[in-house]
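Heads up, the thing below is written out as structure tokens.
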């Protein structure tokens, strides 16, 4: 398994991956200016495309752990072009889910609850203790912050960010590139590129 990104999101995702009992993992980071070769003296960080191709030839599974949705998309598409296979990293010990999850490189942290009829696009990040109600549809490269409640049915467009502790009330459409600030209660549709904040 390749975890692309060795920053905060990468380290958190490594922890989730290790909680599944698997240890066959390397991290890829060609953006940092550090010369660190190992994380915790045990998990190798590779930084060249040559090393990345070598790892893909051994095991093409990858997941991109970068918080910024646009940067995540670029790295996701780069790994696909190199022959990688997007694979979810999910903390299954603390997950309640009654929907089939697509294998698309998404990250699901501990304590997430997912109801029926759930759809999820590529490389989404669902943070700890969030609740996803019935018939919720997420686009691609979405971040759902910690302890959010998305009460279905509703739809959230590509690249949107739902801040920690926010509540999305049912029957609303959240556009693309929307930012919902932490702690908000969204009680209406939101247009593309809209920012929704507490008053």
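The values are calculated or read from the model by the stated rules, or taken from the named source; none is laboratory data. Just so it is clear, the model here is predicted, and its values are computed rather than measured. Ideal geometry is used to build each Cβ from the backbone, glycine not excepted, and the neighbour counts take in all protein chains shown.
Go through the range 147-157 and give me each residue that's under 23 Å from residue 11 (Cα atoms) and either in contact (Cβ under 8 Å) with a residue 24 or more places away in the chain or within 12 Å of the chain's Cα centre (by Cα) (or both).
none
For residue 172, indicate whether it is assigned by TED's automatic domain parsing to the domain that holds residue 96, within 28 Å of residue 16 (Cα to Cα) and modelled with pLDDT of 95 or more.
no
All but one of (1) under 26 Å from residue 18 (Cβ atoms); (2) touching a helix residue (DSSP H, G or I) at 6+ places or on another chain (Cβ under 6 Å) hold for residue 159, so report the exception by its number.
Evaluating residue 159 over (1) under 26 Å from residue 18 (Cβ atoms); (2) touching a helix residue (DSSP H, G or I) at 6+ places or on another chain (Cβ under 6 Å) leaves (1) as the failure.
Out of all the residues in the range 79-93, is one or more modelled with pLDDT under 95, surrounded by fewer than 16 Cβ atoms within 10 Å (Cβ to Cβ) and either closer than 20 Å to residue 12 by Cα or not assigned by TED's automatic domain parsing to the domain that holds residue 18 (or both)?
yes
Can you tell which of 76, 62 is surrounded by 12 or more Cβ atoms within 10 Å (Cβ to Cβ), in contact (Cβ under 8 Å) with a residue 60 or more places away in the chain, outside any helix (DSSP H, G or I) and in contact with a strand residue (DSSP E or B) (Cβ under 7 Å, 6 or more places away or on another chain)?
Just one listed residue meets the conditions, 62.
Considering the range 105-117 alone, what residues qualify as being in a loop (DSSP other than H, G, I, E, B), over 8 Å from the mean Cα position of the chain (by Cα) and surrounded by 22 or more Cβ atoms within 10 Å (Cβ to Cβ)?
Residues satisfying the conditions are 109, 112.
Considering the range 119-135 alone, what residues qualify as being over 13 Å from residue 88 (Cβ atoms) and within 16 Å of the chain's Cα centre (by Cα)?
119, 127, 128, 129, 130, 131, 132
Restricting to the range 109-124, what's the tally of residues that are without any contact (Cβ under 8 Å) to a residue 40 or more places away in the chain and within 17 Å of residue 72 (Cβ to Cβ)?
Number of matching residues: 3.
With respect to residue 147, determine if the residue is part of a loop (DSSP other than H, G, I, E, B), within 23 Å of residue 93 (Cβ to Cβ), touching a helix residue (DSSP H, G or I) at 6+ places or on another chain (Cβ under 7 Å) and modelled with pLDDT of 95 or more.
No: the conditions fail for residue 147.
Which ones in the range 125-135 are without any contact (Cβ under 8 Å) to a residue 24 or more places away in the chain, touching a strand residue (DSSP E or B) at 6+ places or on another chain (Cβ under 6 Å) and either surrounded by fewer than 23 Cβ atoms within 10 Å (Cβ to Cβ) or outside any loop (DSSP other than H, G, I, E, B) (or both)?
126, 131, 132
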